[in-house]
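Comments concern the structure below.
Read the figures in this text as sums done on the coordinates, not as results from a lab. Since the model is a prediction, treat every value here as computed from it, not as a measurement. Backbone-built Cβ (ideal geometry, glycine too); neighbour counts: all protein chains shown.
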Amino acid sequence: MTVTTGAQGTPVALPDAWLSARGLNRQAVFDLATLPADILAMLAPQADERQLILLGHGGRRLWDCVLESEIGGADPIDDYTQANLARWFAERLPGKRYRLLYPGNVPIGLQSLGRLAGWHHATPFMLGIDAHWGTWYAYRAVLLADTDFPAFSEVDRDNPCLSCAAQPCIAACPAQALGGAAFDLPACIAQRLRADSACAFACPARLACPVGPEHRYSSAQMAHSYGISLAMLREYAARTG
Ligand code: SF4
Ligand code: SF4
């Protein structure tokens with residue numbers, strides 16, 4: 001396998017410090033030929049696409065970068081991510097092409113990719129967790145590219161939930177959505193839609209988790225992220241009565 005080279009012919013490998021400095025500090029690359037058939041079928045790769053690149057953020061750096069960029073708009077995180085991806089290819093990988101699948105309309109199983117990358121272990125409230133970041137990370141981009149990076153992902157850290165005897169997240173959920181055999185999504189949604197709900201712009205269960213507290217999002221970042229999902233829930237509730 002050849003190594004993808006940058007603007008001056010210098011090798012560009014993942015993890016890439018250029019991306020990390022801009023808050024896109026979780027990175028994985030897969031050769032398409034190594035992906036499970038069901039995932040590959042969903043991606044419908046084109047002839048020259050050889051690799052899948054998965055980007056995420058962990059902790060607070062991305063949100064700080066987004067604020068510094070003053071990018072604005074309804075979804076500044078997505079806009080910021082896409083602008084920096086375009087710059088990354090133009091400046092660091094000239095001649096290489098990519099096609100963005102996420103954010104976008106292609107149905108992508110982000111948690112399946114996260115599981116393959118070693119990022120995702122399910123919590124009782126169904127977000128992913130790992131021993132370093134806790135639940136304070138998210139998927140930011142999935143792209144197919146004609147790159148030749150050596151395949152890369154972070155070390156798969158163990159699931160901290162397996163050794164969490166106290167499970168404070170379960171008691172912290174005001175809807176008791178976590179105590180049963182499976183996560184009670186309707187109860188969670190109903191709780192979030194209540195007037196003055198503590199779950200409108202945050203998840204108390206997530207906040208109660210003791211893993212990775214130094215990476216916890218600021219209240220402004222949480223209000224932004226949960227505000228987007230709350231608006232979708234309200235819109236859906238209004239449509240379906
Ligand atoms: S509180 Fe414990 S069980 Fe709940 S998400 Fe955190 S580590 Fe997992
Ligand atoms: S948002 Fe609220 S109801 Fe939903 S899981 Fe979190 S704490 Fe429970």
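Using amide H atoms built 1.01 Å from N in the peptide plane, name the residues 5+ places from Leu101, or on other chains, whose amide H lies under 5 Å from its own.
Val142, Leu143, Leu144
With n ≥ 4 as the cut-off for DSSP H runs, can you work out [θ] at 222 nm for the chain, using -39500 (n - 2.57) per run divided by the number of residues, rounded to the nearest 500? Provide the component values of the computation, followed by the final result.
Values: 9 runs with 82 residues, N = 241.
One gets -9500 deg cm²/dmol as the mean residue ellipticity at 222 nm.
Would you mind telling me which residue in Trp136, Trp88, Trp63 has the biggest mean-square fluctuation in a Gaussian network model of the chain, where springs connect alpha carbons within a distance under 10 angstrom?
The residue that fluctuates most here is Trp88.
To the nearest 0.05, how large is the calculated FRET efficiency for Asn105 and Ser229 if R₀ is 25 Å and r is the Cβ-Cβ distance?
Details: r = 18 Å, r/R0 = 0.72.
Efficiency, rounded to the nearest 0.05: 0.90.
Go through the range 50-56 residue by residue and turn each phi into a ³J(HN,Hα) via Karplus (6.51, -1.76, 1.60, θ = phi - 60°); whole Hz please, and just put x for glycine and proline.
10, 9, 10, 10, 10, 10, x
Assuming R0 = 25 Å, what is the FRET efficiency of Asp75 and Ala238, from their Cβ-Cβ distance, to the nearest 0.05? Walk me through the numbers on the way to the answer.
On the way: r = 21 Å, r/R0 = 0.82.
Efficiency computed from Cβ-Cβ geometry: 0.75.
Which three semi-axes in whole Å describe the equivalent ellipsoid of the chain, each the square root of 5 times a Cα gyration tensor eigenvalue, listed largest first? Working shown, then result.
On the way: eigenvalues 215, 78, 65 Å².
Semi-axes (√(5λ), whole Å): 33, 20, 18.
Using the scaling law 2.2 N^0.38 Å as the reference, what is the normalised Cα Rg of the range 17-145?
That works out to 1.05 for the range 17-145.
Based on DSSP H assignment, which helices of the chain show an axial Cα extent of at least 18 Å together with a mean Kyte-Doolittle hydropathy greater than or equal to -0.5?
219-240
For the range 160-240, what is the Kirkwood estimate of the hydrodynamic radius, computed as the reciprocal of the mean inverse distance between distinct Cα atoms, to one decimal in Å? Show your work: numbers first, answer last.
Numbers: mean 1/r = 0.0730 Å⁻¹.
Result for the range 160-240 stands at 13.7 Å.
Where the only charges are on Cβ atoms (+1 Lys, Arg; -1 Asp, Glu), what is the dipole of the range 17-145 about its Cα centre, to the nearest 20 debye?
Numbers: 12 positive and 12 negative charges, 53 e Å.
Computed charge dipole of the range 17-145: roughly 260 debye.
Order the peptides 150-157, 201-208 from the highest to the lowest mean number of other Cβ atoms within 10 Å of their residues.
Numbers: 150-157: 13.8, 201-208: 18.9.
Per-residue Cβ counts within 10 Å, averaged per peptide and sorted highest first, yield 201-208, 150-157.
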